[in-house]
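Participant: There's a structure below that I have some questions on.
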Amino acid sequence: MADRTIILTTDKMKQIARYEITFQDIMDDADFKEGSITCPEVYPFTLDDLYHALQNMKAADPDMYEFGEYWFYPITQLSDRFDLDRAEGLDDDEAESIPDSMKGYPGLNRFDSDWFYLVWQYLDSCWTDCEDDDRLSKGIDFDAILSDLDRYFSNKGKPLEEWSFSQQEMTDFIGFFEDDHFVKEAKEGELSLARKLIDQLCDEDDTLALRTKGYACYGGNRLYPCDWNTSRDCMARLFEKEDDPQYANTLGYIYYYGRCNGNVPEYDKAFYYFGIAAANGLYEGMYKLADLYRHGYACKQSMHTAHSLYQMVYNDSIKHFLSGDNTVFADAALRMGNVYAQGIDTEANAAMAYYYYLQADYAAKLRAQKGDFFGNTTVVINTQKALEKTRRQLPEGFLVDHIDYEIPWLFKKLAEENNRCEIRKTTNTEGHARLIAKRIPTRSVPEPESIIVTIPQLSFCERTKEVAFTIDDTAQTWFIGDENRVRFDFCAWNEVESRYEFYYDDEVVAWSKSDKYRFYGNPAEKPSGPEYRLVSVRFGASGRTYDYICEDPTVQVGDTVIVDGY
């Protein structure tokens with residue numbers, strides 16, 4: 001078919017933009033892909049044009065082939081002449097034209113370009129996903145889109161707080177306020193609008209709104225002040241609606257600390273809700289249920305049950321901790337420390353308590369580094385106190401700066417569970433020989449987990465994939481192939497040869513003969529950076545404590561203080 005040039009005037013382009021005509025009407029049986037179209041001027045495609053196009057599409061209801069081949073595809077090929085980037089808000093000029101007071105508000109479609117982009121992407125998806133002979137009405141809910149646009153046009157010119165939004169827009173917007181960081185950085189206008197929409201959706205029993213408000217009121221933030229009754233009511237509605245044990249767990253905490261009862265605990269209700277959480281495997285529910293059994297609150301006191309629950313949480317949470325999850329392990333280790341410090345269904349043992357407190361302290365500090373420091377220090381402070389108290393109960397000479405072992409037992413721990421490892425011999429800065437082993441990735445284990453090394457005599461705890469022992473200067477070592485670095489998958493003591501051997505695929509690849517394998521703890525960290533004075537503030541006789549920076553050195557324990565709140 002002959003190639004020819006077709007000139008489109010802006011009037012014709014407007015008719016096309018509004019789906020009053022299509023490219024089929026102007027091509028005179030020519031093929032768009034073979035022909036040539038020239039647009040001497042740019043036509044600024046607008047949302048109003050697209051609105052009229054939708055009305056005309058609804059009336060004509062073309063099939064997907066006709067819609068795509070003679071309208072959507074040609075316009076996209078001439079996107080610069082129809083100024084689509086501007087229409088969709090993809091150029092910089094429109095962003096710069098938005099007043100500062102209107103910026104932000106993610107999730108809300110507040111400008112023509114927002115709606116143009118949304119509808120255009122919708123049309124694109126329909127053309128891509130539907131069959132050629134499908135009618136356009138099969139892929140597009142014209143009435144819903146036109147209704148949304150009618151509402152948007154009626155909003156224009158009004159203050160934002162008077163706008164009406166669709167259910168989807170409201171949930172998209174308030175979803176951002178589940179993020180604590182977003183709440184801290186949000187503008188007052190965003191917060192005000194969020195409260196209005198959340199309250200409206202709460203009246204409609206919307207799950208997201210109830211959850212956002214319930215957890216905001218749980219202690220309070222910039223979105224809502226602390227309101228324990230509101231938090232409780234939201235959680236109760238959510239649990240009734242969703243049957244989610246996480247909401248039961250939150251209710252358990254509210255009742256355990258008497259948040260809605262003048263700080264007088266309601267242990268019977270706490271026992272009920274923590275029981276639901278525990279039955280669903282929630283760690284917090286399990287160890288809080290253990291606390292109740294330990295003290296006999298709302299139940300028969302059972303130290304054995306408490307110990308068992310603490311141990312279950314510890315055994316399971318340490319697996320997640322070694323995979324990199326820092327969420328609950330610190331709390332679990334702290335409670336296991338209490339088990340041995342206080343002799344809960346076992347004989348009191350200061351060394352074992354110290355072992356678990358070291359793990360709790362280490363894990364809590366890791367968790368604090370990744371979270372809001374001043375909102376996540378309770379466990380750190382509690383473990384520090386427990387460590388100091390337990391340290392005074394340890395036998396004289398218990399704490400040392402190194403330990404000598406007859407065998408390098410940690411190397412075997414690294415190779416457990418089919419892990420591949422590497423052993424190498426190096427020399428430290430003081431000229432002493434060291435053996436260093438570490439887990440290495442393989443095809444079957446591309447991301448090997450860490451092990452946790454806890455040695456109470458050294459006040460040492462670390463999650464690591466690598467450990468080192470210093471060996472005697474007179475020690476003998478052998479590596480296959482005269483190398484100082486080999487892989488191994490198993491290691492063990494050879495009684496006959498009196499040496500420690502490393503194997504790879506059942507073949508000895510290295511061995512070491514040394515009278516001792518010395519392990520050093522970490523050197524004491526020297527304080528660095530700014531120094532802060534923290535005070536722990538309790539807002540009720542039995543309430544939890546919150547930590548604040550205090551610059552007044554005259555504040556003493558027991559003083560009443562004023563703190564900044566929301």
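The values are calculated or read from the model by the stated rules, or taken from the named source; none is laboratory data. Just so it is clear, the model here is predicted, and its values are computed rather than measured. Note that each Cβ is placed from the backbone with ideal geometry, even for glycine, and that neighbours are counted across all protein chains shown. Protein only, heavy atoms only, side chains kept; ligands, DNA and RNA dropped before computing areas. Shrake-Rupley method; radii C 1.70, N 1.55, O 1.52, S 1.80 Å.
Participant: Can you report the number of residues in the range 176-192 which are out of contact with any helix residue (DSSP H, G or I) (no Cβ under 6 Å at 6 or more places or on another chain) and farther than 23 Å from Phe539 by Cα?
Facilitator: 10
Participant: In the range 19-39, how many residues are part of a helix (DSSP H, G or I) and either of a type in the set (A, V, I, L, M, F, W, C) or at pLDDT below 75 (or both)?
Facilitator: Qualifying residue count, the range 19-39: 3.
Participant: Separate question: Could you tell me whether Tyr272 is closer than 22 Å to Val313 by Cα and either in contact (Cβ under 8 Å) with a residue 24 or more places away in the chain or open to solvent by less than 30 Å² (accessible area, probe 1.4 Å) (or both)?
Facilitator: Criteria not met by Tyr272.
Participant: Which residues, taken from the range 255-296, are on the phi > 0 side of the Ramachandran plot and within 30 Å of the chain's Cα centre (by Cα)?
Facilitator: Across the range 255-296, the qualifying residues are Gly258, Gly281.
Participant: Let me ask something additional. Inspect all residues belonging to the range 529-547 and state whether any of them is open to solvent by 80 Å² or more (accessible area, probe 1.4 Å), at pLDDT 80 or above and either in contact with a Phe, Trp or Tyr (Cβ under 7 Å, 6 or more places away or on another chain) or on the phi > 0 side of the Ramachandran plot (or both).
Facilitator: Within the range 529-547, none of the residues are open to solvent by 80 Å² or more (accessible area, probe 1.4 Å), at pLDDT 80 or above and either in contact with a Phe, Trp or Tyr (Cβ under 7 Å, 6 or more places away or on another chain) or on the phi > 0 side of the Ramachandran plot (or both).
Participant: From the list Ala298, Ala351, Ala306, Ala333, exactly one residue is under 25 Å from Glu388 (Cβ atoms), surrounded by fewer than 21 Cβ atoms within 10 Å (Cβ to Cβ) and in contact with a Leu (Cβ under 9 Å, 6 or more places away or on another chain). Which is it?
Facilitator: Ala351
Participant: Would you mind stating whether Asn263 is assigned to a helix (DSSP H, G or I), open to solvent by 40 Å² or more (accessible area, probe 1.4 Å) and closer than 20 Å to Arg538 by Cα?
Facilitator: no
Participant: Something else about it: Restricting attention to the range 458-497, which residues are open to solvent by less than 60 Å² (accessible area, probe 1.4 Å) and assigned to a loop (DSSP other than H, G, I, E, B)?
Facilitator: Ser459, Asp472, Ala475, Asp489
Participant: For the range 382-407, which positions are among the β-branched types (Val, Ile, Thr) and over 13 Å from Met352 (Cα atoms)?
Facilitator: Thr383, Val400, Ile403, Ile407
Participant: Among the listed residues Asp345, Asp316, identify the single one that is outside any helix (DSSP H, G or I) and open to solvent by 50 Å² or more (accessible area, probe 1.4 Å).
Facilitator: Asp345
Participant: For the range 437-452, enumerate the residues that are aliphatic (A, V, I, L, M), surrounded by fewer than 17 Cβ atoms within 10 Å (Cβ to Cβ) and touching an Asp or Glu at 6+ places or on another chain (Cβ under 8 Å).
Facilitator: Ile440
Participant: Of the numbered conditions (1) open to solvent by 60 Å² or more (accessible area, probe 1.4 Å); (2) within 23 Å of Phe153 (Cα to Cα), Arg195 satisfies every one except a single condition; which is it?
Facilitator: (2)
Participant: Which residue pairs have Cβ atoms closer than 6 Å, lie 6 or more positions apart in sequence or on different chains, and pair a first residue in the range 495-506 that is free of Cβ contacts under 8 Å to residues at least 24 places away in the same chain and over 12 Å from Ala415 (Cβ atoms) with a second residue that is open to solvent by 50 Å² or more (accessible area, probe 1.4 Å) and not in a strand (DSSP E or B)?
Facilitator: Going by the 6 Å Cβ cut-off, there are no qualifying pairs.
Participant: For the list (1) at pLDDT 95 or above; (2) open to solvent by less than 70 Å² (accessible area, probe 1.4 Å); (3) assigned to a loop (DSSP other than H, G, I, E, B), I need the number of the one condition that Ile16 fails.
Facilitator: (3) is the only condition that Ile16 fails.
Participant: Here's a check for you: in the range 170-206, which residue that is in contact (Cβ under 8 Å) with a residue 60 or more places away in the chain and charged (D, E, K, R) is farthest from Arg151 (Cα to Cα)?
Facilitator: Of everything passing the filter in the range 170-206, Asp180 is farthest from Arg151 (Cα to Cα).
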